[in-house]
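Engineer: Got a structure here, written out as structure tokens. Questions coming.
Values in this text are rule-based calculations from the coordinates and carry no lab data. Everything numeric in this text was worked out from a predicted model, so none of it was measured. Cβ placement follows ideal geometry from the backbone for every residue including glycine, while neighbour counts extend to all protein chains displayed.
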Amino acid sequence: MKITEIKSFVMSHPRDLHIIKIETDSGIYGVGEAGCSTREYGQEGVLKHFREFLIGMDPMRIDHIWQILYRSAYYEGGRIITGTISAIDMALYDIVGKALKVPVCQLLGGACRDKVFGFRTVGSLSDPACTERVQEAVEGGWPAVRFSPADRIVPRALRTDVAKEDITNVFDVRESMAATAERFTEIYHATDKRIALGIDYHHRLSVAEAAQFCQMVPRGSLAFLEEPIRNENSDAYAALRTMTDVPFAIGEEWPSKWAALPYIERGLTNFARVDICCIGGLTEAKKVSGWCEAHYIDMMPHNPIGPVCTAATIHYAASVNNLTWVEVVPAFNEGGSDVFPITVERRGPYYVLPTKPGLGVEFDENAAAKYPMKMHEHPHLQRPDGSYTNW
């Protein structure tokens, strides 16, 4: 079997997606999904380079192809490159699973569990409906709930001291910390203590701010604090680790096993937020899960985009023993049913183990063509003094 064609679909449904389809001379095709949201055109450029040598290769040689993709240029890696590799890698697994007539999780070692539980994200703590959503999640059997911080992001266009055309948003970190801690504490005291509660601060805090925030909530209330600071420098997390005993959930931006290594070996994360669409696909993610198992770290896969990413994540989650929950965002994970008429099945708080050959996702090219990408950016946040901060 040989690779005969590689197609790229940069779409806007059910959100911004980059889907890669690999075709073979046997009539079997595989689909993958690339990470790095809002930088999809950069990934398309990388794919043009990869296409030059992928055509004609044997899709069964998954790890060999991974090595060539990662190391074929003098400058290895980088998130745009590994995001593209991720999509190719999962598409190859899809092809091999279909060729052997087994689900991808069987290729990864077989199922370690009977079902894959997720955690529910209930939105910003500044939303009055947040309390009601938590109760719904508890009654629905969800084992864990995650919040976004109370941010009260104010569009700069609504301020009188800036030009109307400047739509960058304002994020007041101290205001957010105070409101988030107050609201979270209220919800914690009103919630069944068997339910794990976490907050995703999306890299918006400094080390000092993150340390203080951990002191502002009741001790033992946070099951995890997700991505409180930026992750380029593991020493910064090591410093933060000495200031608090709150468990950390880190890793959604890791672009390789090498980026994950210091966080695992230095005990800087308690939940590894590996993103199958960013780290280099199933091949790389499986290697990271083994390292994490050796250090008693559980996997908590990041899963914020489309149905192909979700399917790959569920196969991965099924195949690793050291798993807590996967991220579930139904509007994205299960959207675009015309483009993805068949995908993995969720029943309330858990996914059913996939049984179809490959990833178990069907992709309709004609439907995808109806949703061309619309150039856009995630919010550009500034603090009240005008300095830039992370979204």
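Engineer: Which aspartates and glutamates, if any, have their Cα less than 18 Å from the Cα of Lys98, not counting same-chain residues under 8 positions apart?
Structural biologist: Of all the aspartates and glutamates, those that pass the test against Lys98 - Cα under 18 Å, at least 8 places apart if same chain - are Glu5, Glu23, Asp25, Glu33, Asp58, Asp63, Asp89, Glu362, Asp364.
Engineer: May I pose another question? Please report, in debye to the nearest 20, how large the charge dipole of the chain is about its Cα centre when each Lys and Arg carries +1 at its beta carbon and each Asp and Glu carries -1 there. Before the final figure, lay out each step's value.
Structural biologist: Details: 40 positive and 50 negative charges, 89 e Å.
Dipole about the Cα centre, nearest 20: 420 debye.
Engineer: List the chymotrypsin sites (Phe, Trp or Tyr not before Pro) within segment 225-328 that fall in a DSSP loop (any state other than H, G, I, E or B) and whose Cβ has at most 14 other Cβ atoms within 10 Å.
Structural biologist: Filter output for segment 225-328: Tyr296.
Engineer: Between His378 and Glu186, what is the label-to-label distance in nm when each label sits 7 Å out along the Cα-to-Cβ direction?
Structural biologist: Computed distance between label sites His378 and Glu186 equals 2.8 nm.
Engineer: I'd like the FRET efficiency for Cys112 and Arg347, computed as 1/(1 + (r/R0)^6) with the beta carbon distance as r and R0 of 25 Å, rounded to 0.05.
Structural biologist: Values: r = 19 Å, r/R0 = 0.76.
Here the calculated transfer efficiency is 0.85.
Engineer: Report, in degrees rounded to the nearest 10, the 0 to 90 angle that the Cα long axis of helix 130-139 makes with the longest principal axis of the chain.
Structural biologist: 60
Engineer: Picking from Val134, Ser8, Ile88, whose Cα lies most toward the positive end of the charge dipole for the chain (charges on Cβ: Lys, Arg +1; Asp, Glu -1)?
Structural biologist: Positive-end residue among those listed: Ile88.
Engineer: If you don't mind, there's one more thing I want to ask. Along the positive direction of the dipole of segment 163-304 (beta-carbon charges: Lys, Arg +1; Asp, Glu -1; about the Cα centre), which of Ala294, Pro262, Ala211 reaches farthest?
Structural biologist: Ala294
Engineer: Here's a follow-up. Which loop-located chymotrypsin sites (Phe, Trp or Tyr not before Pro) does segment 1-94 contain, where loop means any DSSP state but H, G, I, E or B and the Cβ has at most 15 other Cβ atoms within 10 Å?
Structural biologist: Taking segment 1-94 and a limit of 15 other Cβ atoms within 10 Å, the loop chymotrypsin sites (Phe, Trp or Tyr not before Pro) found are Tyr74, Tyr75.
Engineer: What longest range of the chain stays clear of loop-exposed GluC sites (Glu not before Pro) (DSSP non-H/G/I/E/B, at most 15 other C-beta within 10 angstrom)?
Structural biologist: 233-344
Engineer: For Arg230 and Phe53 in the same chain, what is the full-extension length gain: residue separation times 0.36 nm, less their Cα-Cα distance, in nm?
Structural biologist: Here the answer is 60.2 nm.
Engineer: Using the structure shown, select from Lys257/Lys356; Lys101/Lys374; Lys193/Lys356; Lys287/Lys370 the pairs with a Cα to Cα distance greater than 31 angstrom.
Structural biologist: Lys101/Lys374; Lys193/Lys356; Lys287/Lys370
Engineer: Further question on the same structure: Arrange the following residues from fewest to most other Cβ atoms within 10 Å of their Cβ: Leu225, Leu261, Leu323.
Structural biologist: Placing the least packed residue first, the sequence is Leu261, Leu323, Leu225.
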